[in-house]
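Just below is one structure, and these are the notes that go with it.
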Amino acid sequence: MNQESILKVENLSVTIDREEILKDISFTVMPGDVVALIGPNGAGKTVLLKSLLGLLPYRGGVHWSPEAKIGYVPQRYNIGKSVPFTVREFFLLHERSFLFSGGKADGKIIESLALVDMPPKTLGERLGHLSGGELQRVLIAWALYQRPNIILFDEPTAGIDVSGEQTIYNLLHSLQDRFGITIILVSHELNVVFRYATQVLCLNKSLICSGEPQAVLTPEQLQKLYGEPTHYHHLHETEGSAANPNKIN
Amino acid sequence: MEFLASNISLSLAAGLATAMAAGALGVFMVLKNMSLVSDALSHVALPGVALGILLGINPFFGAFAFLFAAVFFILAIEKRTNLPIDAIVGVLFTASLAAGILLTPEPELLEALFGDFTNISVVGAALTALLSLAVVIGLILISRQLMFTIVAPDLGRVAKLHTKSSYLLFLIMLALVVALGIKFVGTLLMGTLTIIPAAAAKNVARTFYQFGIISILFAALSVILGTAAAYYTGILAGPAVILSGVLIFLCTLVFKRS
C-alpha cells in the first residue's frame with residue numbers, strides 16, 4: 001500500500017441478492033483530494049460509499065490509512081416532524097454518556113454548528129423542524145463533530161433547491177480550503193464537479209473512467225457513461241426536468 | 001387515600017413498576033412505528049398463559065416463552081423488509097389469541113384476558129418490581145444505541161456501535177415487561193400499556209429527554225387513576241388503567257405541538 005494514500009481500493013466487487021452491483025473497482029485517494037463519484041441511476045455510487053464504510057459486504061480490498069478519521073454524511077435521513085428529538089440530542093449521540101452529558105458537550109456542538117454557519121440557538125430546535133437545507137448543514141456539522149480528516153458525502157445536495165445547493169458546495173469548498181479535509185462525494189452536478197473535484201470516478205457497475213475533471217468530463221466519456229449525449233454545460237438549464245439523464249436519485 | 005392502605009397496595013406497587021418500565025419501552029416503540037406490533041405482540045402471550053395453567057406452572061413463564069419466540073419472529077420478518085410486517089404480525093398474533101382463548105380453561109379466561117390485580121404474593125410483587133427496575137436501567141444504558149438504530153442506523157454502524165444487539169436486547173426487555181404486565185392488565189390490553197403513555201408523552205414533550213420522563217410518569221398516573229377507579233367502583237382494574245391512559249392521551253391532544 002502506498003504510504004501516502006489515505007485510501008486504497010483494490011478490485012472491489014459487491015454482489016447484492018446475486019446481482020453484481022460493483023465490479024473490480026480500484027482507485028487511490030491522496031490526502032487533500034476531492035474525489036467526485038458520478039454515474040447514472042443505479043450505477044452503484046451509494047453502494048460504493050457504503051462498502052468503503054464497511055456497511056455492506058464486499059470482495060476485494062479497502063485499505064484505509066491508520067491516520068484516517070472518517071466522517072459520513074448519508075444521502076437520506078428520515079425523521080418525522082413530530083419526533084421530540086433536538087439538534088443537541090442528535091449531537092449527543094457522539095457522547096458515551098448521551099443524554100446525561102449535562103451540557104458539557106454544548107461548546108463543542110456550537111463550534112461544529114458554526115463551521116456550517118448555523119447559529120447556537122439551533123441546539124434547542126427539533127431535527128424534524130429543520131428545512132432540507134438546514135438539516136443538510138446539521139448533518140455535515142454532525143460529521144465534523146469528531147474532527148475527521150476525510151469526509152464521505154452521499155449526494156450532498158439531494159432534495160435541496162438550487163440556491164441551497166450552491167451554498168452547500170461553497171461550504172464544502174471552504175472546509176476543504178480551511179482544513180485540507182479529504183472529500184469523497186457522490187454528485188450529479190457536473191458543473192460543480194468540474195470546478196471543485198481533483199479526481200473524478202465515473203461509475204456504472206465498473207469504473208468507466210477516472211482522472212482529472214478536464215480529462216474525464218468530455219462529451220465522449222459522458223456519452224459512454226450515461227448512454228446518451230450529455231454535456232455538463234447544459235445541466236443547469238435542464239435542472240429538474242425529467243429529460244435530464246444526470247439527475248440521480 | 002383509603003385504597004392505598006388496603007391489601008392491594010402491594011399489587012399496586014408492582015403494577016406501578018411494570019407500567020413505568022412499559023412507559024419507558026413505549027418511547028422507542030412509538031419512535032420505531034411499532035405501536036401495532038406491540039399491541040399484537042401481547043396477544044401471543046395467551047397460549048403461553050393457557051399452557052402454564054394446563055401444566056400447573058406459573059403462567060408468567062408460559063407467557064414469557066411465547067413472547068420470547070415472537071420477538072425472534074419479529075426480527076426475522078424485519079430482516080426481510082419486502083414482507084408487509086403489519087399484515088403478518090396482525091394475522092399470526094391474532095390467530096394465537098384465538099388459539100389461546102380455546103386453550104385457556106374457562107374459569108381463568110377472564111383473568112388471562114384482562115388481568116387481576118388482587119392476588120399477587122409478596123415475593124411475586126418484589127420480583128416484578130425488581131425486574132421492571134432492571135428494564136428501566138437497562139433501557140437508559142442502551143438508549144444511545146437504540147436512538148442510533150431509530151434516527152440514523154448507518155451513522156451508528158460507522159461509529160462502530162453494536163446497534164443490532166441493543167435492538168435484540170430491547171425486544172427481549174419488551175417481552176419481559178409484557179409478560180410481567182399481563183398479571184395486571186391481561187393479554188388483551190398489555191401491549192396498549194406500552195403505547196398509550198408514550199403516545200401521550202410525544203404530544204407534549206419538546207426533547208427526547210422529556211419524552212422519556214413524561215412517558216414514564218403518564219404510565220404511573222394511568223395505573224394510579226385506574227386502580228383508584230377500580231377500587232371505588234368495583235370495575236375491572238385492567239381496562240380501567242387502559243382507559244385512564246386514554247383519558248391522559250386525550251388531554252395531551254389539547255397541548256399538542258405541530
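Bear in mind these aren't lab numbers, they're just calculated from the coordinates by the rules spelled out. Every value quoted in this text rests on a predicted model; they were computed, and no experiment measured them. So basically every Cβ, Gly included, is an ideal-geometry build from the backbone, and we count neighbours across all protein chains shown.
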Next on the checklist: For the stretch B:193-237, what does the relative contact order come out to in percent, with C-alpha contacts under 8 Å and a separation of six or more?
Outcome noted: 30
Item to check | Nonlocal amide H pairs with B:Leu161, under 5 Å, H built at 1.01 Å | outcome: none
Checklist entry - Tell me, what are the semi-axes, in whole angstrom and largest first, of the equivalent ellipsoid of the stretch A:52-116 as set by the roots of 5 times the Cα gyration tensor eigenvalues? => result 28, 17, 12
Next on the checklist: Considering the Cα positions of the stretch A:21-141, please state its Rg to one decimal place and its Dmax as a whole number of Å.
Outcome noted: 17.3, 48
Item to check | GNM top mover of B:Leu155, B:Leu113, B:Leu25 - chain B, alpha-carbon springs below 10 Å | outcome: B:Leu155
Checklist entry - Can you list the HN-Hα couplings for the stretch A:205-220, worked out from phi with the Karplus curve (6.51, -1.76, 1.60; θ = phi - 60°), rounded to whole Hz and with x for Gly and Pro? => result 6, 10, 7, 6, 7, 7, x, 5, x, 4, 7, 8, 7, 9, x, 5
Next on the checklist: What value in Å³ per residue do you get for the convex hull of the alpha-carbon atoms in the protein assembly as shown?
Outcome noted: 170
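Only Cα pairs under 8 Å and at least 6 apart count here; give the relative contact order of the stretch B:2-255 as a rounded whole percent.
That works out to 32 percent.
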Checklist entry - What is the percent of Cα-Cα separations in the stretch A:173-223 that go past 15 Å? => result 48
Checklist entry - So for the protein assembly as shown: antiparallel DSSP bridges make up what percent, rounded to the nearest 5? => result 55
Checklist entry - Hey, what's the Cα Rg ratio for the stretch B:2-255 versus the globular rule of thumb, 2.2 N^0.38 Å? => result 0.97
Item to check | Farthest positive-ward along the stretch B:2-255 dipole, Cα basis, beta-carbon charges - from B:His43, B:Phe114, B:Gly138 | outcome: B:Gly138
Item to check | Nearby lysines by direct alpha-carbon distance to B:Lys183 (threshold 28 angstrom, same-chain neighbours under 8 apart not counted) | outcome: B:Lys32, B:Lys202
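Which of the GluC sites (Glu not before Pro) across the stretch A:1-93 are loop residues per DSSP, with 13 or fewer other Cβ within 10 Å? Intermediate results must be reported in sequence, preceding the final value.
Values: sites: A:Glu4, A:Glu10, A:Glu19, A:Glu20, A:Glu67, A:Glu89; in loops: A:Glu4, A:Glu67.
Taking the stretch A:1-93 and a limit of 13 other Cβ atoms within 10 Å, the loop GluC sites (Glu not before Pro) found are A:Glu4, A:Glu67.
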Next on the checklist: Per-residue Cβ counts within 10 Å, from other chains only, averaged over A:81-94: what number is that?
Outcome noted: 6
Next on the checklist: Placing unit charges on C-beta atoms (Lys and Arg positive, Asp and Glu negative, everything else neutral), compute the dipole magnitude of the stretch A:81-147 about its Cα centre in debye, rounded to 20.
Outcome noted: 100
Next on the checklist: 5 Å is the cut-off here: which amide hydrogens, built 1.01 Å from N in the peptide plane, fall below it relative to B:Gly115, excluding neighbours closer than 5 in sequence?
Outcome noted: B:Gly186, B:Thr187
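Which value, to two decimals, describes the C-alpha radius of gyration of the stretch B:137-233 once divided by 2.2 N^0.38 Å?
Normalised Cα radius of gyration, the stretch B:137-233: 1.26.
Just how large is the dipole of chain B about the Cα centre, in debye to the nearest 20, putting +1 at every Lys and Arg Cβ and -1 at every Asp and Glu Cβ?
With only Lys, Arg, Asp and Glu charged at Cβ, the dipole is about 1100 debye.
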Checklist entry - With the dipole of the stretch B:2-255 worked out from charges on the C-beta (+1 for Lys and Arg, -1 for Asp and Glu) around the Cα centre, which of B:Ala129, B:Thr163, B:Phe93 lies farthest toward the positive end? => result B:Thr163
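Inside 10 Å of the C-beta atoms of B:152-162, what's the mean count of C-beta atoms belonging to other chains?
Per-residue shielding by partner chains comes out at 5.
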Item to check | Choice from B:Ser215, B:Ser165, B:Ser35 showing the highest fluctuation, given a GNM over chain B with Cα pairs closer than 10 Å | outcome: B:Ser165
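Kirkwood Rh, the stretch B:40-118, all Cα pairs: how many Å?
13.0
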Next on the checklist: Taking only complete DSSP H runs, can you tell me which helices of chain B stretch 24 Å or more along their own long axis by Cα positions and average at least 0.0 on the Kyte-Doolittle scale?
Outcome noted: B:9-31, B:59-79, B:85-103, B:122-151, B:163-204, B:208-233, B:237-255
Item to check | trypsin sites (Lys or Arg not before Pro) restricted to DSSP loop in the stretch A:45-93 with at most 14 other C-beta within 10 Å | outcome: A:Lys69, A:Arg76, A:Lys81
Checklist entry - Given a cut-off of under 8 Å on Cα pairs at least six residues apart, what relative contact order in percent is computed for the stretch A:1-53? => result 31
Item to check | Amide hydrogen neighbours beyond the local backbone of A:Leu7, cut-off 5 Å, H modeled | outcome: A:Val29, A:Ser65
Checklist outcome for this item: Magnitude of the Cβ-charge dipole (Lys and Arg +1, Asp and Glu -1) of the protein assembly as shown about the Cα centre, nearest 20 debye, reported as 640
Next on the checklist: Bin width 5 Å, origin at 0, all Cα-Cα pairs of the stretch A:81-147: what percent of pairs per bin?
Outcome noted: 3, 19, 33, 27, 14, 3, 0
Checklist entry - Which order, highest average first, do B:88-97, A:183-192, B:40-49, A:146-155 follow once you tally other Cβ atoms within 10 Å for each residue and take the mean per peptide? => result B:40-49, A:183-192, A:146-155, B:88-97
